[in-house]
Every structure is written in C-alpha cells, then in structure tokens.
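Inspection log for the structure reproduced underneath, given as structure tokens.
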Amino acid sequence: MEKILVIGAGGQLGTELTRALVNTYGTNAVIATDLQEQVKSKFDYCTFKILNILNKEATASLIKEEKITQVYHLAAMLSANGEKNPILAWDINMSGLLNVLELAREFKLNKIFWPSSIAVFGPDSPKKNTPQNAFKNPTTVYGISKLAGEHWCEYYFNKYGVDVRSLRYPGLIGYKSMAGGGTTDYAVDIFFKAVKEEKYTCFLKADTYLPMMFMDDAVNATLKLMVAPSTNIKIRSSYNLSGMSFSPQEIFECIKLHIPNFTIKYEPDFRQKIAETWPSSINDACAERDWGWKAQFDISKMTSEILTKLPLYIN
Ligand code: SER
C-alpha cells in the first residue's frame, strides 16, 4: 500500500491537494505535515504532524516510522516574500528539496512530487505561449531556486533513479485557502474582497497578463501526473502547465458581471516588477503529449464557480 507524506500541507495548494489525496488513496494512506501548528484544524480528516523540512533527521524518522512510500514536498517561500528575505528563501526552497531528494534515494521511495513555477522564466524568455525549453533567466530568488531545483530533480532521476515528477504551476486560484507571499496572489484576494462587498486595491497594473490556473485543475493535473506510467514521464525537470491567462482588469470585469457594484483601483508595488519578468501565457504541449493533460476551467467558468462556492465557504 502507498503511504503518502505531504510536506507543507497547510499552504494554499496543500490544503486542497491533501484532501484530494485522501479522497483518492484513503485517509490512512496520507499524513499531512506542516511547520505551523495553527493549520492543524484543517486536517480533522487525516493524520497531522508538525514537521520542519529543514530538520532532515526528524523527516527521516517520520518516513521510517510511518513507512512512507511517496512524498509531496510543497513547502516553499514564494516570490514576493522571497524578495524580502532572499537568503532564507534560498535555504527553505533548496535545502528543503535536497533533504527530500536525499531521503528519497536513501529510503528508495516510490515517487516524489515537487512543484516548480512559471517563475523559472525571466525577462529574456518569450512572453507569449512560452515553450517548455524556452531560455530562462529568472530574476527572483524564488525563480532561481525553482530553476536550480528542477536541475536537481533531473539529476536525482538520472543519477539515482529517483522517480521525481514536477509541474511549473501558473498562479493558482482557489477559495478554500488564502495564497501567501506570491505575485499572483491578487487573483485570489480579489474574489474575497468581491464577496465581502469591499473595494479592491490591486498591487499589479490593470493590463498585467499572467498565466493562471483554477485550483481544481492544478489538483487534477498533479494527480494525473503522479499516476502516469513512469515511462510516459519524459521530462524530469518540470512540465510547463497552462490553464488560462488574464489581467487584473479582465478578472475584475468578469467578477463585475456577477457583482455589478464591485470596484477596483490600482496601486502597483514592487510585485509589478516581478510580474513583468514572467510569461503572460504558457505552452503546455509536452504535458498534453506525455500524460494527456488538458485544463477544464477558463476565466468565466472559474469565476462563476468561485462566486457560487466562496460565500458558502466563508459563512
Ligand atoms: N504563484 C507564485 C508566486 O506568485 C508563482 O509560482 O510567487
């Protein structure tokens, strides 16, 4: 039986992915872990433990005691927070991954999942429909750590046969958990403001196009990638993944169709510069070719879904 360890389960992606893993593999097959005790209440449906991934010995003990066979390593510091504390971001993002890869090798784990990001691309990458192998010159510490991490994943696969799989997520948009410390977070925050009937002040310019994805698509892509036969996984760095592409003004107008009184103003901050180095849309033909990926949600389907479910969720 597979036994899955989720590291960083309390974050935006972990909150929804852990639930989906339990639904797929059963409650006894999943152990949710996080650095922060306060997220414990999210996991009344499976085992939850405190774990700091920088503590390799504690992670090794947990893997041994619980007979872990797969790890989903989601703990990371995102782009905007990373720029405020670059050395800490590097340490969390790199040392965390290297600990997981080393333990995967040592304990001969079956599979590892690790998220990469559109942040691996940079100002000299093509902006539109950015291909899998486009030139990459990331300018954020987050992007640098993700690009280095991709190479480490490939290295551990080639050198030690570690079955590590990865996706370059676009900005993820869900309503069950807040985003934290990223540049694409505005696309989550805006929905919370809209349903609370508050004004929204956006930290990016109105016409800043970025690749985005609804959380249900992100979770489905992850599950699909992880069950694909190993021989189908031709890319061991990380797969480009595409959902939709929109600007703050476009998502605002889409929300306004449902909430006509909603208003927005723009006060771009340091995150605008980060956004301008990233692609506006992504080509994910390799994911489609290798393991049959296709996103289900466009901007209007996602907006209707969130505006229907979010009010029930926060009440
Ligand atoms: N959502 C991330 C961020 O904004 C990008 O992967 O940092």
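The values are calculated or read from the model by the stated rules, or taken from the named source; none is laboratory data. Worth saying up front: this structure is predicted, and the values here are computed from it rather than measured. Quick reminder, even Gly has a Cβ in these numbers, built from the backbone with ideal geometry, and neighbours come from all protein chains shown.
Points to keep in mind about this one:
- Whichever residue in region 154-185 is touching a Lys or Arg at 6+ places or on another chain (Cβ under 6 Å) and part of a helix (DSSP H, G or I) and, among such residues, is nearest to Asn93 (Cα to Cα): Glu154
- Residue in region 28-46 that is farther than 30 Å from Lys273 by Cα, acidic (Asp, Glu), surrounded by 17 or more Cβ atoms within 10 Å (Cβ to Cβ) and touching a residue at least 24 places away in the same chain (Cβ under 8 Å) present: yes
- Index of the failed condition, Arg236 passing every other in (1) part of a loop (DSSP other than H, G, I, E, B); (2) more than 19 Å from the chain's Cα centre (by Cα): (2)
- Residue selected from region 239-279 under the condition in a strand (DSSP E or B) and among the aromatic types (Phe, Trp, Tyr), by the criterion farthest from Thr308 (Cα to Cα): Tyr239
- Only listed residue being modelled with pLDDT of 95 or more, within 16 Å of the ligand (Cβ to nearest atom) and β-branched (Val, Ile, Thr), chosen from Ile92, Ile87: Ile92
- Residues of region 57-108 satisfying the condition of being of a type in the set (Lys, Arg) and either surrounded by 17 or more Cβ atoms within 10 Å (Cβ to Cβ) or in a loop (DSSP other than H, G, I, E, B) (or both): Lys67, Lys108
- Residue, nearest to the chain's Cα centre (by Cα), within region 162-189, restricted to residues that are more than 12 Å from the ligand (Cβ to nearest atom) and crowded, with 21+ Cβ neighbours inside 10 Å: Ser166
- Selected residue (criterion: surrounded by the most Cβ atoms within 10 Å (Cβ to Cβ)) from residues of region 247-290 that are basic (Lys, Arg) and closer than 17 Å to Ala119 by Cβ: Arg271
- Near pairs, Cβ below 9 angstrom, 6+ apart or cross-chain, from region 110-133 (farther than 21 Å from Val100 by Cα) to any residue that is among the acidic types (Asp, Glu) and not in a strand (DSSP E or B): Pro123/Glu276; Gln132/Asp284
- Test: residue in region 217-231 that is more than 22 Å from Val120 (Cβ to Cβ), in contact (Cβ under 8 Å) with a residue 24 or more places away in the chain and part of a loop (DSSP other than H, G, I, E, B): no
- Thr184 of a type in the set (S, T, N, Q) and touching a strand residue (DSSP E or B) at 6+ places or on another chain (Cβ under 9 Å): yes
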